[in-house]
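Undergrad: Structure provided below as structure tokens; questions to follow.
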Amino acid sequence: MIAFVVVFFVVDVIDNIDKFIEYDISSNETIKYYLFTIPWFISLALPMTVLIATVFCFSILQKNHEVTALKASGVSIFRISAPILICGIIFSFISFFFDNLLVVNTLKKRALIEKKLNPNKKSNRTKNQNIYYHLDNAFLSIKKFNYKNNSGNNISIQNYIGSDVIYRIDAKNMIWQEKNNLWLMNDIEIRDWKAGSYRYSFIKDTLMKIQDITPSIIKKDFINPEEMNYWELKQFIDKLENKGLSYNRWSVNKFFKTAFACSPFIMILFGIILSIQKPRTNFTAGIGLSIMVIFLYYLLIKAGQTLGYNNVLHPFISIWTVNFIFLSLGLFLFIKSRT
């Protein structure tokens with residue numbers, strides 16, 4: 001694993017060294033950038049590591065004729081492989097929680113430094129204009145919204161019955177209060193047309209909840225799904241769905257987090273297959289085949305992710321199809337292997 005992490009580290013340094021110099025990133029920030037990146041490198045390296053470790057383990061057993069001795073004593077290859085496959089399941093759970101509890105948090109911290117390396121990136125914008133949302137029997141409009149301090153200007157909420165406006169709230173500005181998850185509305189004008197009469201009132205400021213509208217919802221197009229864990233994505237998707245907003249990109253990433261977590265088990269399964277299909281193949285050839293398998297897996301699952309992002313395939317199908325193909329092929333070859 002250390003070898004893979006070092007390779008990833010060197011490649012990333014070569015790729016970004018000119019940006020660190022160009023944008024005058026301090027040495028302290030550079031060190032922090034890579035400290036926050038290492039957990040992600042470990043996550044990527046885990047499937048590769050367990051695959052090559054499995055091939056190495058079985059190659060040594062084959063070389064010393066220990067597998068032959070076990071077979072001669074009546075122990076099948078299925079029984080020999082069972083403990084390693086169980087380890088694969090354990091590693092899959094470790095991968096899932098490692099990604100969603102540690103990697104996500106470190107990527108969030110890295111993103112603060114990464115913004116300096118990509119100052120013109122869309123996600124680095126600080127303001128948006130003319131935002132509109134359909135709520136239940138209501139309509140919300142925000143003239144301007146500042147992503148930096150989570151504040152909006154010229155807000156209007158209009159309640160309808162059919163096509164008739166029955167209640168309207170206009171506010172000069174609103175500021176998100178993280179402590180109580182409410183909006184602080186200022187200079188509020190309230191107009192009420194209920195019961196055939198008209199009433200007007202003015203309030204200097206008040207706290208208000210606007211039906212699941214939070215800064216994360218407003219900033220949805222500028223939030224990186226990779227910086228959200230599985231549970232955050234699930235809650236965020238529910239909110240977007242309730243608002244009638246597109247949630248395809250977030251759904252793809254939610255399924256990716258579960259699918260990729262299964263990769264250690266899939267790689268261990270293929271590691272066993274690569275070792276027992278051709279027991280006399282040397283270790284170097286086994287490593288070569290292992291690298292081909294892991295890169296083919298990465299290539300296909302990333303291609304599926306792209307298809308999901310572009311609505312070519314359903315999010316679940318775009319991600320999990322690769323796992324189903326590899327699992328089906330792996331189990332078929334494993335069952336057909338010699339005993």
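The values are calculated or read from the model by the stated rules, or taken from the named source; none is laboratory data. Every value quoted in this text rests on a predicted model; they were computed, and no experiment measured them. For neighbour counting, all protein chains shown are included, and Cβ atoms are generated from backbone atoms with ideal geometry for every residue, glycine included.
Undergrad: For segment 76-88, indicate whether the set of residues that are in a helix (DSSP H, G or I), among the aromatic types (F, W, Y) and not assigned by TED's automatic domain parsing to the domain that holds I203 is non-empty.
TA: Within segment 76-88, the first condition is being in a helix (DSSP H, G or I), and the residues that meet it are 77-88.
Now restrict to residues that are among the aromatic types (F, W, Y): 78.
Applying the additional criterion that residues be not assigned by TED's automatic domain parsing to the domain that holds I203 yields 78.
Within segment 76-88, one or more residues are in a helix (DSSP H, G or I), among the aromatic types (F, W, Y) and not assigned by TED's automatic domain parsing to the domain that holds I203.
Undergrad: A further question follows. Somewhere in segment 192-201, is a residue of a type in the set (A, V, I, L, M, F, W, C) and either closer than 23 Å to K144 by Cα or part of a strand (DSSP E or B) (or both)? Reasoning before the result, please.
TA: Step one: filter segment 192-201 for residues of a type in the set (A, V, I, L, M, F, W, C), giving 193, 195.
With either closer than 23 Å to K144 by Cα or part of a strand (DSSP E or B) (or both) added as a condition, the list becomes none.
No, segment 192-201 has no match at all.
Undergrad: Restricting to segment 1-26, what's the tally of residues that are surrounded by 12 or more Cβ atoms within 10 Å (Cβ to Cβ), within 27 Å of A53 (Cβ to Cβ) and not aromatic (F, W, Y)?
TA: 6
Undergrad: Among the listed residues F8, F36, identify the single one that is under 29 Å from S92 (Cβ atoms) and in contact (Cβ under 8 Å) with a residue 60 or more places away in the chain.
TA: That would be F36, the only listed residue that is under 29 Å from S92 (Cβ atoms) and in contact (Cβ under 8 Å) with a residue 60 or more places away in the chain.
Undergrad: Additional query: So how many residues does segment 173-204 have that are within 26 Å of P215 (Cβ to Cβ) and at pLDDT below 90?
TA: Just the residues of segment 173-204 that are within 26 Å of P215 (Cβ to Cβ), to begin with: 173-190, 203-204.
Among the residues that remain, those that are also at pLDDT below 90 are: 178-181.
Total satisfying the criteria: 4.
Undergrad: With the requirement that a residue be surrounded by fewer than 14 Cβ atoms within 10 Å (Cβ to Cβ) and assigned to a helix (DSSP H, G or I), what does segment 296-324 give you? Walk me through how you get there before you give the answer.
TA: The initial filter retains those residues of segment 296-324 that are surrounded by fewer than 14 Cβ atoms within 10 Å (Cβ to Cβ), namely 296, 299, 302-303, 306, 310-312, 324.
Within segment 296-324, L296, L299, K302, A303, T306, F324 meet the criteria.
Undergrad: In segment 106-127, is there at least one residue being modelled with pLDDT under 90, within 23 Å of K172 (Cβ to Cβ) and outside any loop (DSSP other than H, G, I, E, B)?
TA: Yes; the residues of segment 106-127 include at least one that is modelled with pLDDT under 90, within 23 Å of K172 (Cβ to Cβ) and outside any loop (DSSP other than H, G, I, E, B).
Undergrad: In this structure, does Q177 turn out to be loosely packed, with under 15 Cβ neighbours inside 10 Å and in contact (Cβ under 8 Å) with a residue 60 or more places away in the chain?
TA: On the way: loosely packed, with under 15 Cβ neighbours inside 10 Å: yes; in contact (Cβ under 8 Å) with a residue 60 or more places away in the chain: no.
Here the answer is no, as Q177 does not meet what is asked.
Undergrad: To continue, here is another question. Scanning for something farther than 30 Å from K116 by Cβ and among the β-branched types (V, I, T), does segment 25-42 turn up at least one residue? Before the answer, list the steps.
TA: Let us first name the residues in segment 25-42 that are farther than 30 Å from K116 by Cβ, namely none.
No, the conditions are met nowhere in segment 25-42.
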